[in-house]
Amino acid sequence: MAGMFKNMFGGSQPSGSAKVEDGKSRYFADFVKAPEPSPASIIAAVSSGVPASSTPGVSAVPYTKWYRVWERTSPKDFLQEAMVMPFILLIVVFHLWGTRKNRRKAREWAQAHAPSLQNEFAVVGFNGIQRSEDEAAAVLSSPDSIIKEKSPQEFVSYATGRQNVAFVDVSIKLPKRYNPITYWMDVVFGFLFESWTSPTETYEAIAYTFDGKEKDVVPVPAKDTSSLKVNNSTYDGFIWAIVHKNHMRQFRQDRYDASMTFTKENPKLPPWVTVMTESAEITETLLTPELIQAVEKAGDNFKYLIVTDQPVDKPLK
């Protein structure tokens, strides 16, 4: 065995390749582990003019063109945004203009009608406080106290404190001036098609009567033990209306109770309005000189005035 190793290795024993211990031969192949590769230094790859990081143990990061947005972009890269921005600015400006104009219109209405409301009702507004003469005069300079903005298109008001009338809901509906697309679409389609409603400024007031239920509705102060003394406001229900002839078709479609009446001309009224009623006696009672004068002053802005005992929604039975 020893001779065979001698012949194989030429009579010499290379160090680290074979070794004989205690008369026994053992062969060990030593494989030297190669060192792991180390990453290339970033500092060596850049020019010597770039200053190294002042933080110990942290390699300096080169300040390349990628961090300079103004060097790797040009105005033509924002061409699409430049085409869209004018439309966005136009919509924003139109929205601000339309919203402010609707608010100004509502304030002008409140300022013009505040004296009439305060003369007819004890409480005007939403705070439920009866105003003195000085406070009522202050409302004229600040109409926001009697009107509330429900939406940029609709403003509401409220009044109560009158004999036989529980309360009055006032609604002012204005065109959607804050939305240029919807506004101009309504204007164009309303001009081209008769069935399409053109944008208009509408004032609507609904007065609800007590009809003999004052004792059930009117609150009594806690310290007041006396019974509520009111007049008898009970009346027989009826339907009576004055309607502009240009709005009769829409009026019949919007109000189901109009089908319960018949149309009759009245010589006391202007020729462009008509009366829809259930009885001629009702017309003679309700058609007062003040009401006729108000209808004549309203002119073409007048749509209808209705007194009805029917609910807003059509009963199913």
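The values are calculated or read from the model by the stated rules, or taken from the named source; none is laboratory data. Quick caveat: nothing in here was measured; it's all calculated off a predicted structure. Reconstructed Cβ throughout: ideal geometry from the backbone, glycine too, with neighbour counts over all protein chains shown. Please note that ligands, DNA and RNA were not included when accessible areas were found on the heavy atoms of the full protein model with its side chains. Shrake-Rupley method; radii C 1.70, N 1.55, O 1.52, S 1.80 Å.
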Inset, instruction - Hey, could you check the range 290-317 for residues that are among the charged types (D, E, K, R) and surrounded by 10 or more Cβ atoms within 10 Å (Cβ to Cβ) and say which is farthest from Asp257 (Cα to Cα)? - result: Glu296
Legend entry - Pair list, Cβ under 8 Å, 6 or more apart: the range 163-180 residue more than 18 Å from Ile147 (Cβ to Cβ), other residue part of a strand (DSSP E or B) and open to solvent by less than 50 Å² (accessible area, probe 1.4 Å): Ala166/Thr160
Inset, instruction - Kindly state which helices (runs of 4 or more DSSP H) lie completely within the range 182-289 and contain at least 1 residues that are open to solvent by 70 Å² or more (accessible area, probe 1.4 Å) and within 25 Å of Phe155 (Cα to Cα). - result: 248-254
Inset, instruction - Kindly indicate whether Arg72 is closer than 24 Å to Pro180 by Cα, open to solvent by 80 Å² or more (accessible area, probe 1.4 Å) and charged (D, E, K, R). - result: no
